[in-house]
């Protein structure tokens with residue numbers, strides 16, 4: 001029965017020949033992931049599925065990008081909003097490598113500083129944080145030096 | 001590479017000690033033409049007469065010329081110019097920028113934009129490192145050392161940036177003991193207590209302001225501000241507790257000195273002013289020598 005379900009799930013999003021499959025994205029963050037990775041402005045063939053049932057996440061999304069292989073620091077940008085994302089690297093329809101995302105030691109852009117009196121919330125400046133704690137996440141703003149904690153994180 | 005002074009932690013312990021040594025030299029001999037031919041910009045995006053006059057006195061005593069503005073209404077910021085553009089423009093003219101800004105992180109950003117050094121003269125509730133260095137110089141001058149001191153921090157320990165920076169800086173020296181005296185709503189934030197515990201530095205917390213001060217070498221007073229309280233009754237209950245009076249100084253150590261970043265409102269009774277333990281006005285005077293020292297260090301003149 002489970003195999004049957006898996007099969008059905010697989011069929012919902014068609015296979016790719018070469019490229020990367022990003023699985024286990026929380027469904028609600030799919031479009032943020034697409035935007036953070038810049039997938040909305042490249043010409044590669046992309047298929048995605050969302051609101052797929054997932055035991056772990058409730059509802060998950062999956063993205064398949066043809067002929068695209070991400071660098072680690074590129075893909076780690078999504079760790080804040082898709083911490084359990086799994087990457088499958090596909091060559092000739094076969095999974096040749098599996099990867100997980102890791103929260104980087106510093107984060108540029110993506111996240112807003114929690115402090116409304118921070119200069120980054122008042123002028124066009126790319127935010128910059130040092131990750132002082134990974135679980136639960138705690139970010140120290142390079143500018144105002146205040147901490148933004150996991151329950152306060154919001155994205156651009 | 002240019003040097004900036006944005007946060008107190010930008011400087012090492014060696015740099016603190018160098019500033020202290022230079023400040024003593026400038027106190028001995030305040031007028032030195034080290035900035036001859038240099039232009040210094042003092043940009044006050046938020047008025048602060050005391051800090052500005054102290055900096056401008058320091059620059060004048062070093063023989064430098066000053067450009068700038070004392071409040072944002074007379075600057076291009078009032079026309080909607082971004083901080084980025086103001087700093088880009090001013091750094092074309094000046095050899096050093098001293099700036100005060102109401103937004104936190106503004107100074108760090110300015111330092112990134114500017115090819116000339118930036119000294120932070122206060123960025124919102126974030127940092128005011130030259131205040132901390134002049135506090136340290138005052139402590140060194142009156143106690144003869146920055147080691148083995150019992151420091152009482154009194155009043156608003158939650159929002160007071162001066163007490164946070166002083167705590168960070170003094171933690172670099174041997175065996176300090178901190179005593180925090182504050183109402184529960186304004187107590188020292190956890191991050192600083194954790195910092196002290198990790199460094200193995202002793203601290204004690206009190207909500208009463210009584211003869212516990214008999215052990216103090218330094219009593220650092222700050223203002224308990226009404227606007228920090230969401231409940232006005234709570235403010236009424238504490239507003240008169242954290243007032244230092246001359247009678248409270250009877251049993252204190254002979255070497256104790258009372259510091260205050262100023263301006264004070266009523267947290268130090270005027271009857272303390274004539275006590276030889278009162279040091280806050282001399283502390284402000286020390287600010288000029290300390291700022292001469294900081295400018296000379298930042299600009300590699302000494």
Checklist entry - Which number do you get for Rg(Cα) / (2.2 N^0.38 Å) in segment B:31-127? => result 1.01
Checklist outcome for this item: Counting other chain Cβ atoms within 10 Å of each Cβ in B:249-255 and taking the mean gives 0
Checklist entry - Taking neighbour Cβ counts within 10 Å as the exposure measure, how do B:100, B:291, B:197 sort from fewest upward? => result B:197, B:100, B:291
Item to check | P(r) of segment B:130-284 over all Cα-Cα pairs, binned every 5 Å from zero, in whole percent | outcome: 2, 9, 20, 24, 22, 15, 6, 2, 0
Checklist entry - What average number of partner chain Cβ atoms lie no more than 10 Å from the Cβ of the residues making up A:108-117? => result 2
Item to check | Equivalent ellipsoid dimensions for segment B:86-136 as semi-axes, Å, which come from the Cα gyration tensor, largest first | outcome: 20, 13, 7
Next on the checklist: Using Cβ counts within 10 Å as a stand-in for footprinting exposure, how do B:171, A:128 rank, fewest first?
Outcome noted: B:171, A:128
Checklist entry - Once every DSSP H run of n ≥ 4 in chain B is given -39500 (n - 2.57) and the sum is divided by its residues, what mean residue ellipticity at 222 nm do you get, rounded to the nearest 500 deg cm²/dmol? => result -11000 deg cm²/dmol
Checklist outcome for this item: Cα convex hull volume per residue for the protein assembly as shown, in Å³, equals 191 Å³
Checklist entry - Once both labels are modelled 7 Å past Cα along the beta-carbon direction, what's the residue A:57-residue B:207 spacing in nm? => result 4.7 nm
Item to check | Distance (nanometres) between label positions extended 7 Å along Cα→Cβ at residue A:42 and residue B:302 | outcome: 5.6 nm
Item to check | By average C-beta atoms within 10 angstrom, highest first, the peptides B:198-209, B:130-141 | outcome: B:130-141, B:198-209
Checklist entry - Using the Cα atoms of chain B to build a convex hull, what is its mean projected area in square nanometres? => result 15.8 nm²
Item to check | Inter-label distance for residue A:126 and residue A:97, nm, one decimal - labels placed 7 Å from Cα along Cα-to-Cβ | outcome: 2.5 nm
Next on the checklist: If you fit an axis through the alpha-carbon atoms of helix B:13-28 and take the longest principal axis of the Cα set of chain B, what angle between them do you get, 0 to 90°, nearest 10?
Outcome noted: 80 degrees
Checklist entry - Roughly what % antiparallel, to the nearest 5, for the DSSP beta bridges in segment B:31-127? => result 5 percent
Item to check | Kirkwood Rh and Cα Rg combined as Rg/Rh, chain A | outcome: 1.02
Checklist entry - Name the residues of segment B:1-45 whose amide N is less than 17 Å from a point 7 angstrom out from the Cα of residue B:227 along the C-beta direction? => result B:45
Checklist entry - Add -39500 (n - 2.57) for each DSSP H run of 4 or more in chain A, then divide by its residues: what number comes out at 222 nm, to the nearest 500 deg cm²/dmol? => result -3500 deg cm²/dmol
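Give the average, rounded to an integer, of partner chain Cβ atoms located within 10 angstrom of each Cβ in A:120-126.
Going residue by residue through A:120-126 and averaging, the value is 5.
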Checklist entry - Quick one: of the DSSP bridges fully inside the protein assembly as shown, what percent are antiparallel, nearest 5? => result 50 percent
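The numbers here are math on the coordinates, done by the rules we state, and not lab data. All values reported here derive from a predicted model rather than from experimental measurement. Cβ coordinates were reconstructed from backbone atoms using ideal geometry, including for glycine residues, and neighbour counts include every protein chain displayed.
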